[in-house]
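Computed from the coordinates by the stated procedures, all read-outs in this text should not be read as laboratory data. Bear in mind that the values here come from a model prediction, so they are computed numbers and not experimental data. Note that we place each Cβ from the backbone using ideal geometry, even for glycine, and neighbour counts take in every protein chain shown.
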Amino acid sequence: YDTRISGAIFAGPGRPLWLGRARRLADAAQRIALALRDGGCVVCGAPFAHTHAHHVEPYASGGRTDIDQLASLCAHCHTQVHTGFIRLRRRTDGTWHPLRIDPGDDPVPLGSGPGAARPTQAPGDQRGSGISRPRGSPQRSR
């Protein structure tokens, strides 16, 4: 067993990963656990260093700062979640499943997180990545 990983996941004595409402922001032990679990943005796969710890249930609405209630999101995807364009659902294995929300349509599953298979996507192309343009913004010409 790799004790570094076990220690990060369980955080050892006196370092709980379930902080409830005692603290709003994820602490260092939780950030390490998020890095190990999520590996980066759970929507687009951006590097972990560029992510925020997102409360799946908003803290202002009673959300808890518990490791199972946090997801790693880059700034863009974090904004997309808070504006209602993306919703996160927990899979049975504990990972997050992002869904794109289009008004009037059913939610559309997105390729999620680091290593998501996007075989038809050219390097640098964001089509199909779950990244959407704000309403009314022009399409990028090819």
For the pair His82 and Ala35, how long in nm is the line joining their label points, each one 7 Å along Cα→Cβ?
2.4
Within region 53-82, what residues put their amide N at less than 15 Å from the label point 7 Å along the Cα-to-Cβ vector of Arg91?
72
What's the percent breakdown of Cα-Cα distances in region 46-103 across 5 Å bins, shortest bin first?
4, 18, 27, 30, 17, 4, 0
If you rank Val43, Val81 by fewest surrounding Cβ atoms within 10 Å, what's the result?
Val81, Val43
